[in-house]
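The values are calculated or read from the model by the stated rules, or taken from the named source; none is laboratory data. Note that the structure is predicted; figures quoted are calculated from it, not measured. In case anyone asks, the SASA skips ligands and DNA or RNA and just uses the protein heavy atoms, side chains included. Shrake-Rupley method; radii C 1.70, N 1.55, O 1.52, S 1.80 Å.
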Amino acid sequence: MQPIFLIGYMGSGKTTLGKALAMHLGREFIDLDNYIECRFHASVKQLFAQRGEEGFRDLERRMLREVADFEDVIVACGGGTPCYFDNIDYIVSHGLAVYLTTSPERLALRLALPGSRAKRPLIAGKSDEELVAFVREALARREAFYSRAQLTFDSTQIEDAAETQATALILAEQIARFEEGAGQVR
């Protein structure tokens, strides 16, 4: 089966929901940022510092193509992954892209959780007010890329384990209906 790519802004639940979804669908889960960190023995923050954003984005593009060749996987893409080079074209042509959405305020709350800002280079050091404004502006710029996904799914209800499992089950059902309607063999 072709990969399922989860796209959306930082904090939209790509990793949290992706792990639960992988269990429901019996697929392997790959977090693209973690995959990059393991392959290059450095954190995303370190890679940004060493290579700059352009260098990191090129590395990310190459690793996206590598994991897209895997079968039966769910790939949680970095928030910016679909927005650089031809990545969104590649994603939608090599699998099913699912855009996870929630409000900018909810995203900012999730991103403000202890430890979350520090590991995300683009938001480290921002105040709560700056963070909400930053998220709104970034979402507006990225919407043209995210909206190209074949499915859009509200990921608001993933605040605890029970919600995450219930939401993953709903998403799994929507994916199954989409694949059946698209004539794909499961």
Could you work out what % of the accessible surface of the range 41-186 is carbon and sulfur, using a 1.4 angstrom probe and leaving DNA, RNA and ligands out of the count? 52
Per DSSP H run of n ≥ 4, the term is -39500 (n - 2.57); total these for the chain, divide by its residue number, and report the mean residue ellipticity at 222 nm rounded to 500 deg cm²/dmol. -18000 deg cm²/dmol
For a quick check of understanding: with a 1.4 angstrom probe and all protein chains in place, what accessible area in square angstrom does Thr15 have, to the nearest ten? 50
If you roll a 1.4 Å probe over the heavy atoms of the protein chains, what accessible area per residue do you get for the chain, in Å²? 48
